[in-house]
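**Student:** My structure is below; once you've seen it, I'll send some questions.
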Amino acid sequence: MSLANERACGTCTMCCKVYRIPVLNKQEGKWCEHCAIGSGCRIYEDRPEQCRSFVCLWLQDVTMPPEWKPEISKIVLSIYPTTGFIYAQVDPGTPFAWRKEPYFSRLKAMAEQLLKDRRHVLVFVNGNATLIMPTGPVPIGPMSPEDGFVVRETFTAKGKDYVAERVARAH
């Protein structure tokens, strides 16, 4: 990647709000006490490993349009490392941001593409998960990123559809 194509967080601090950071006792959906909103981390040099290693998908994928920058979309996209699923953490201050355009149609298109590789798109708003399928959203309900889920294909009078069910992680 050339330097001209590199992206930076700039004024975006949305990841400092949407994620749970256990070592800081930071709850998801609440601003981190160390975040200078619109400016950055006040403990940047000493920030936890979870924060150090995180890079949102908008920063990684220079083909994503500008409106997908998390501070604009209110959606932080990431790739879950063990599954390759795309997780969309939504700012609970705008819980339906993911249902608006151009986001909803792009999430469905991503879901259709990923489904070919048995991968998925999951939207999280304050711990409530929704699976995005090519046919539309499939509510799962309360779910942690460590939980699993089962997807079943169903057929209705309207045609093919999907049902998803959470599978709690084994402790």
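The values are calculated or read from the model by the stated rules, or taken from the named source; none is laboratory data. Only a predicted model underlies this, so the values are computations on that prediction, with no experimental measurement involved. All Cβ positions, glycine included, derive from the backbone under ideal geometry; neighbour counts span all protein chains shown. Ligands, DNA and RNA are stripped out before the accessible areas are found, and what is left, the full protein with its side chains, is counted by its heavy atoms. Shrake-Rupley method; radii C 1.70, N 1.55, O 1.52, S 1.80 Å.
**Student:** Cross-link partners among lysines for Lys74, C-alpha distance below 16 Å, same-chain residues fewer than 8 apart left out?
**Tutor:** In chain and number order, the partners are Lys17, Lys30, Lys100.
**Student:** Can you tell me how the stretch 64-144 classifies by the Cα gyration tensor, rounded, prolate or oblate, using a/c under 1.5 as the rounded cut?
**Tutor:** rounded
**Student:** Given an 8 Å cut-off on Cα distances and at least 6 residues of separation, report the relative contact order of the chain as a percent.
**Tutor:** It rounds to 14 percent for the chain.
**Student:** How far, in degrees from 0 to 90, does helix 103-115 lean away from the longest principal axis of the Cα atoms of the chain, to the nearest 10?
**Tutor:** Relative to the chain, helix 103-115 is tipped by roughly 70 degrees.
**Student:** Based on the alpha carbon coordinates of the stretch 1-90, what radius of gyration and maximum Cα-Cα distance (Dmax) apply, in Å?
**Tutor:** 13.0, 38
**Student:** Put +1 on the Cβ of each Lys and Arg and -1 on the Cβ of each Asp and Glu in the chain; which of Pro137, Cys32, Gln89 then has its Cα farthest toward the positive end of the dipole?
**Tutor:** Result: Pro137.
**Student:** Please report, to one decimal in angstroms, the Kirkwood hydrodynamic radius of the stretch 56-107 built from all distinct Cα-Cα pairs.
**Tutor:** Across the stretch 56-107, the inverse of the average 1/r is 11.3 Å.
**Student:** Another one. So which lysines can Lys160 reach, going by Cα to Cα under 20 Å and dropping same-chain residues fewer than 8 places off?
**Tutor:** Lys108, Lys116
**Student:** According to the square roots a ≥ b ≥ c of the eigenvalues of the Cα gyration tensor, what is the shape class of the stretch 34-80, taking rounded for a/c under 1.5, prolate for a/b larger than b/c otherwise, and oblate for the remainder?
**Tutor:** On the way: a/c = 2.64, a/b = 1.54, b/c = 1.72.
Because a/c hits 1.5 or more and a/b fails to exceed b/c, the stretch 34-80 counts as oblate.
**Student:** While we're here: HN-Hα J couplings of the stretch 43-48 from phi, Karplus 6.51/-1.76/1.60, θ = phi - 60°, integer Hz, Gly and Pro as x?
**Tutor:** 10, 3, 5, 10, 5, x
**Student:** Follow-up. Rounded to the nearest 10 Å², what accessible area does Arg47 show when all protein chains are kept and the probe is 1.4 Å?
**Tutor:** Here the residue's solvent-accessible area equals roughly 40 Å².
**Student:** Another question, then. What does the charge dipole of the stretch 1-80 about its Cα centre add up to, to the nearest 20 debye, if the Cβ of each Lys and Arg holds +1 and the Cβ of each Asp and Glu holds -1? Numbers along the way, then the final one.
**Tutor:** Values: 10 positive and 9 negative charges, 45 e Å.
Taking the Cα centre of the stretch 1-80 as origin, the dipole is about 220 debye.
**Student:** Note down the magnitude of the dipole of the chain about its Cα centre, charges +1 on Lys and Arg C-beta and -1 on Asp and Glu C-beta and zero elsewhere, to the nearest 20 debye. All intermediate terms of the calculation are to be shown ahead of the outcome.
**Tutor:** Values: 22 positive and 18 negative charges, 64 e Å.
It comes to approximately 300 debye.
**Student:** Using the Kirkwood radius over Cα pairs, work out the Stokes-Einstein diffusion coefficient for the chain at 25 °C and 0.890 mPa s, in µm²/s as a whole number.
**Tutor:** The Stokes-Einstein estimate is 144 µm²/s.
**Student:** Shifting gears a bit: Taking amide H atoms as placed 1.01 Å from N in the peptide plane, list the residues 5 or more away in sequence, or in a different chain, whose amide H sits under 5 Å from that of Thr83.
**Tutor:** For Thr83, whose amide H was placed from the backbone, there are no distant partners under 5 Å.
**Student:** Follow-up question, since we're still on this one. Taking all protein chains in place and a 1.4 Å probe, what share, in percent, of the accessible surface of the chain do carbon and sulfur account for?
**Tutor:** 53
**Student:** How large is the dipole of the stretch 47-103 about the Cα centre if only Lys and Arg carry +1 and Asp and Glu carry -1, each at its Cβ, rounded to the nearest 20 debye?
**Tutor:** 100
**Student:** Something else now. Can you return the aspartates and glutamates within cross-link range of Lys69? Criterion is Cα-Cα under 15 Å, with same-chain partners fewer than 8 residues away left out.
**Tutor:** Lys69 reaches Glu6, Asp61, Asp91, Glu101.
**Student:** Okay, moving on. Lys/Arg Cβ at +1, Asp/Glu Cβ at -1, dipole of the stretch 23-80 taken about the Cα centre: which of Pro66, Ile79, Val23 is farthest positive-ward?
**Tutor:** Of Pro66, Ile79, Val23, it is Val23.
**Student:** Would you tally the net charge around Ser78, using a Cβ to Cβ cut-off of less than 15 Å, leaving Ser78 out, and scoring K and R as +1, D and E as -1?
**Tutor:** Cβ neighbours under 15 Å give a net charge of +3.
**Student:** Quick one: accessible area per residue over the stretch 36-171, 1.4 Å probe, rounded to a whole number of Å²?
**Tutor:** About 57 Å² of surface per residue is accessible.
**Student:** How high is the relative contact order of the stretch 45-144, in percent, counting Cα pairs under 8 Å that sit 6 or more residues apart?
**Tutor:** 18
**Student:** In a shell of Cβ-Cβ distance under 15 Å around Met133, excluding Met133 itself, what net charge do Lys and Arg (+1) and Asp and Glu (-1) give? Display every interim value, and only then the final one.
**Tutor:** Values: positive: Arg99, Arg106, Lys108, Lys116, Arg118, Arg119, Arg152, Lys158, Lys160; negative: Glu112, Asp117, Glu153, Asp161, Glu165.
With Lys, Arg at +1 and Asp, Glu at -1, the net is +4.
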